[in-house]
Amino acid sequence: MDLHVVSVFATQPRRVRIMFASALAVGAYNPALYSITSLDAVSSSPSIRAVYGIAGQSSGVELVLSSELAPGGAYTVTAVGVPAANGDTTPGGTAVNMRYGVPTKAPANSEILVSNNDAILFGIDIVWAGQDFEEGVDGDLADQGGIANAESALSQRLLGSPLPYAPGYSPNSREFVDSNDATPLGARLKQQALRDARVKSVTVTAQADDSTSTTFLVTPVFVGNRSAQPISITVDS
């Protein structure tokens, strides 16, 4: 049987989320199964650095890209032989076109119910898709709650830029681009993560990808001892 793609959209300048029709097998998190190709002259084609799972979403993956998507850029996302838990796989080289910040297909109405306790602990907010707020299948603004909302907010804080009305928001990672020493950024990332009241503790690890870049993995633990997927920040040094 074939495993079909439900939607493809960017969640961050270096993040692309793919939602499938069925729960995925462990082998679906192999970066070699995915690629993204630019369809115009706006930008180059980024490579896939890593593939992460999505908290509470067994049928989706999030691709970590080597470079930022260009605003308004058109891309083709390809998934080759991605396995589902039930034995299905994507047929051939399944390719879906997307434009940065605009979902190529309306996401399936498979929202996770959020308990009252999770809504109180982690809040409920509308979903930011990278360039605009995301719409639900009914045309209204989509929202998310619970642990997924806390993860999204923390990702925005760590990956975003300082705000005019809140200059202390964001670790301002761009300060370390071409600095030849990005290691102090780890302390900033930890400090920023702990500024979110929902974060109980955080671990930051750094890995030199090659001589030109360093990738930091920020792994938070939220209140209630709720663990989360690591957040990846890559800095060209």
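The values are calculated or read from the model by the stated rules, or taken from the named source; none is laboratory data. Given the structure is predicted, the values throughout are model-derived calculations rather than measurements. Virtual Cβ from ideal backbone geometry, glycine too; neighbours counted across all protein chains shown.
Odds and ends about this structure:
- Residues located in the range 215-233, provided they are part of a strand (DSSP E or B) and out of contact with any helix residue (DSSP H, G or I) (no Cβ under 8 Å at 6 or more places or on another chain): Thr215, Leu217, Thr219, Val221, Ser227, Ser232
- Flag not set for Ala193, criterion: outside the structural domain of Ala50 (by TED's automatic domain parsing) and in a loop (DSSP other than H, G, I, E, B).
- Residue within the range 176-199 that is small (Gly, Ala, Ser), at pLDDT 85 or above and in contact with a strand residue (DSSP E or B) (Cβ under 7 Å, 6 or more places away or on another chain) present: yes
- If the condition is being among the hydrophobic types (A, V, I, L, M, F, W, C), at pLDDT 55 or above and surrounded by 15 or more Cβ atoms within 10 Å (Cβ to Cβ), then the range 96-125 contributes Val96, Met98, Val114, Leu121, Phe122.
- Selection from the range 132-162 of residues that are outside any loop (DSSP other than H, G, I, E, B), under 23 Å from Leu217 (Cα atoms) and either of a type in the set (S, T, N, Q) or modelled with pLDDT under 80 (or both): Asn149, Ser152, Ser155, Gln156
- Verdict on Ile36 being touching a residue at least 60 places away in the same chain (Cβ under 8 Å), under 17 Å from Phe9 (Cα atoms), buried (at least 17 other Cβ atoms within 10 Å of the Cβ) and not assigned by TED's automatic domain parsing to the domain that holds Arg226: no
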